[in-house]
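Taking it in order: structure first as structure tokens, then the write-up.
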Amino acid sequence: MIFINEKISIFEKNISYKAIKSSGPGGQNINKVSTGICLKYNLNHHRYPSWFIKNLKKYSGSLLSKNKVLTIKANSYRSQVRNKEDALNRIIKLFKKSCLTKKKRI
């Protein structure tokens, strides 16, 4: 479990990784080795606050489907391990950004 704040956390058991063909650097290996990663995280498995889901929709754009499945593709690096770390860091960064709320003006 990755804690974002006291109310929001990412449950690692619900993250699914799938190897995909990468379009980035790789030379000859680009046609035969699947180094890219597609990370999928289903938000329906846990109850998140409505303000968090609203912010997540605003910041994620097309990454969040109508079924509340977050899909992140990472293929910047030549190694599958580094792409996996990159995808996980991007979902953490997205969750942290979505947790921030603006102060209400009085």
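The values are calculated or read from the model by the stated rules, or taken from the named source; none is laboratory data. All values reported here derive from a predicted model rather than from experimental measurement. Note: areas computed on protein heavy atoms with side chains; ligands, DNA, RNA excluded. Shrake-Rupley method; radii C 1.70, N 1.55, O 1.52, S 1.80 Å.
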message: With an 8 Å Cα cut-off and a minimum separation of 6 or more residues, compute the relative contact order for the chain in percent.
response: 28
query: Which angle from 0 to 90°, rounded to the nearest 10, does the C-alpha axis of helix 80-99 make with the longest principal axis of the chain?
result: 10
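State the extension gain, in nm to one decimal, for the chain segment bounded by residue 104 and residue 14, taking 0.36 nm per residue of separation less the distance between their alpha-carbons. Mind showing how you got there, number by number?
Working: separation 90, 0.36 × 90 = 32.40 nm, distance 3.39 nm.
Difference between extended and current length: 29.0 nm.
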- request: State the percentage of accessible surface on the chain attributable to carbon and sulfur atoms; use a 1.4 Å probe and exclude ligands, DNA and RNA.
  value: 50
- request: Please report, to one decimal in angstroms, the Kirkwood hydrodynamic radius of the chain built from all distinct Cα-Cα pairs.
  value: 14.9
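Considering only protein heavy atoms, what per residue accessible area in square angstrom results for the chain with a 1.4 angstrom probe?
That works out to 72 Å² for each residue.
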task: Report, in cubic angstrom per residue, the convex hull volume of the C-alpha atoms of region 52-106.
output: 84
